[in-house]
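Let me begin by presenting the structure, written as C-alpha cells, before commenting on it.
None of the figures in this text is laboratory data; all of them are computed from the coordinates on show. Not measured: the values here are computed from a predicted model. All Cβ positions, glycine included, derive from the backbone under ideal geometry; neighbour counts span all protein chains shown.
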Amino acid sequence: MQKKRQIILYSVAGAVALVAAYAASNILGGHEPKPAKKVVVPQGSVEILVAANRVQAGSMLTGKNLKWRQWPRQALLPGMIRRDRNGNVMQRISSARTIVPLEKGEPILESKLLFPEDGSYLSSMLAPGMRALAIPVTMVRTAGGYVRPYDRVDLLFVEKGGDLSTAELVMENVKVLAINKVAVGQQAKGGKDGPKPLTAATRAVLELTLPQARVLTKLSRKGRIFMALRSLADKSASGEPKLVGYFAELAKGDTDSDYFSGGVRVISRGVAQGQGK
C-alpha cells in the first residue's frame, strides 16, 4: 500500500510539474512562432497594370492610382498592359487621361485612355460645364513666352490703337489649357537654366464658362488680350475664372450693346460704366 501511495503521489507531482512548465513557457513567450505563409504566385500568370483606387473619368494617371497585379494568362484581354512587354509603360502613360471611370482593381486598357496626340484629349481636361476658347497671342502677350499649359493667368485688355497704359483687367484666375499645340501633360523643352520661352506662340486655349467665352470673343476682335502670370502659391489657384468690374456686367448681356456698339464709357472710382453714343 505504501508503494502504491508513493507511485500515485509521484505521478500527480509529475503531472503538476508538466502543467506548470507548459504555462510558464506560454507566459514567457517561449513557444515557437508559426512559420510565415508563403505567397504563392499562380502558375501561368503575368503582371498587368490595374487601377490602385477609383479613378474619375478625365483624370490624369499617376503612380499613385496605378499598380501591377498578377493575372491568369488564360484570362488576358486584348489591350491589357503587361509588365513583361511594357516595362517602361509608366513613363509613356504619365500624361494619359481616362475616357471612362475606373474601379479599384480594374485592368487598364489602352482603349480607355486618351493621349496628348489624340483629338479628344483636350475635351477630357475640361471641368464639367466649362468651355475651351482659343485666342490669338504673341510672345509678349504670354508673359514673354513663359506662360505654359496649366498655368493660371489674369487677362488684360487693350483696345485697338491704345497703348499698354490703357490696359484694363478683364478676368482673373484663368486656366491655360494649351499654347499652340503644346497641351497640359506635355513637357516643355528647356535648358540647364530652366524652360525656354515659347517664341512662336500664336494662340492660347483657355478654360472658361460660356458667358465668359462670349465676352472674351468679342473683346479679342476689338483689341489685344495680354496674360499676366499668377503665382502657384496663390490661394485661388484651383478656383474658377472670374470676370471683374464692367466686364462682369457684359456677361449678363445688360450693357452689351453700349460697349460693343462703340458707346462711350465713363470710369468712376475705377469702375467702367457704359454710356450711349
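Miscellaneous remarks
- Residue pairs, from the table Lys67/Lys112; Lys64/Lys181; Lys64/Lys112; Lys160/Lys181, whose Cα atoms sit over 24 Å apart: Lys64/Lys181; Lys160/Lys181
- Across segment 45-114, the mean sequence separation of Cα contacts (distance under 8 Å, 6 or more residues apart), normalised by length, yields a relative contact order of 47 percent.
- Packing order of peptides 59-65, 140-146, highest average first: 140-146, 59-65 (average count of other Cβ atoms within 10 Å over each peptide's residues).
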